[in-house]
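Report on one structure; see the data block that follows.
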Amino acid sequence: NIYLHSKSITSFAERKKILKANIEPIRDKVDIIVASDLEATEQMMDYITSDSIKSPVVMLSEHSYNEKNENNNIYSIVTETGIRSTFEFALKTFPHAKKVYVWSDKTITGNYYMDLAKRELEPFKDSLEIDFGIAASSDSVFLEKASKLMANSFVLFCTWQVDDNGKEYDAQLFYPKLISKTNVPVFTVISNVMDCGFLGGYVLSPVNNG
C-alpha cells in the first residue's frame, strides 16, 4: 500500500516523487494498480501519462476523469456522490427550512464536493438561501461559527479536516465536537462519519465501494 497523505503533503510534485520511489523498483512486477480516492486518481493519471505505466490501473473514485487519454490500460469505477439526493431528503425532513449551509474544506476532495454541490443545487437557489463554504482559520473558529447558525436551517456536510491555514485535524476527534456544537441538523453524504451524530440521506459508503 502507498499512502500519499495529500492533506499534509500538499505539493503535487512531492507526492509524485513518493509515488515514483515506491513504484519504479517494482513496476515490471505489478499485476494491477488501484487508486482508491480522488487525490490518488489525479496523481495516478499524471503518473501514467508522464511515465508510460503499462500495468492495468483501476480508478476507484467519486471523480470522473474527463480528459482524453489514449492509454488502454485504464479502468474507472466512478462512484456517485448523492449531494442532490441528500439535499432533497433534508428538505422533505425539514420543509420549512429557509437556509442551507454547504460545508467542505479546501482540499482537492473538498473543492470537488463544493463544485459539485454548486452545480447540483443550482435549481434550488431561488426557493431558499444556500451558503456555500465556510471560512475557518482553525477548528475553534469553525466550531464557533457552527454554534451560531440561522434558525430554520440545516447543514449539508461534505468533508472538513483541513483549516484555511493548512492544519489537519483528526476527523474522529473533530466531528463529534462539530455535532455537539452545531445548533441545527447536520446531514452528510458519507456513511462512515454518521455514527457520531450526522443525519444521512443518499450516503457514499467507502467500504461498499471497495
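The values are calculated or read from the model by the stated rules, or taken from the named source; none is laboratory data. The structure presented is a predicted model; accordingly, all values stated were derived computationally and were not measured. Backbone-built Cβ (ideal geometry, glycine too); neighbour counts: all protein chains shown. Heavy atoms of the whole protein, side chains included, go into the accessibility calculation; ligands, DNA and RNA do not. Shrake-Rupley method; radii C 1.70, N 1.55, O 1.52, S 1.80 Å.
Residues that are open to solvent by 70 Å² or more (accessible area, probe 1.4 Å) and part of a helix (DSSP H, G or I) within the range 141-164 comprise E144, K145, listed in sequence order.
Among the criteria (1) touching an Asp or Glu at 6+ places or on another chain (Cβ under 8 Å); (2) in contact (Cβ under 8 Å) with a residue 24 or more places away in the chain, the one V141 does not fulfil is (2).
In the set A135, A97, only one residue is over 15 Å from the mean Cα position of the chain (by Cα), part of a loop (DSSP other than H, G, I, E, B) and free of Cβ contacts under 8 Å to residues at least 40 places away in the same chain; that residue is A135. Pairing residues of the range 1-21 that are at negative phi with residues that are of a type in the set (F, W, Y) and surrounded by 12 or more Cβ atoms within 10 Å (Cβ to Cβ), at Cβ distances under 8 Å and at least 6 apart in sequence or on separate chains, gives K16/Y47; L19/Y47; K20/Y47. Scanning the range 165-198 for residues that are farther than 25 Å from P95 by Cα and either part of a helix (DSSP H, G or I) or of a type in the set (F, W, Y) (or both) returns Y169, A171, Q172, L173, F174, Y175, P176, K177, N192. When the range 1-40 is limited to residues that are of a type in the set (K, R) and part of a helix (DSSP H, G or I), the one that is modelled with the highest pLDDT turns out to be K17. You will find that of D105, D115, the residue that is out of contact with any Lys or Arg (no Cβ under 9 Å at 6 or more places or on another chain) and under 24 Å from F12 (Cβ atoms) is D115 and no other.
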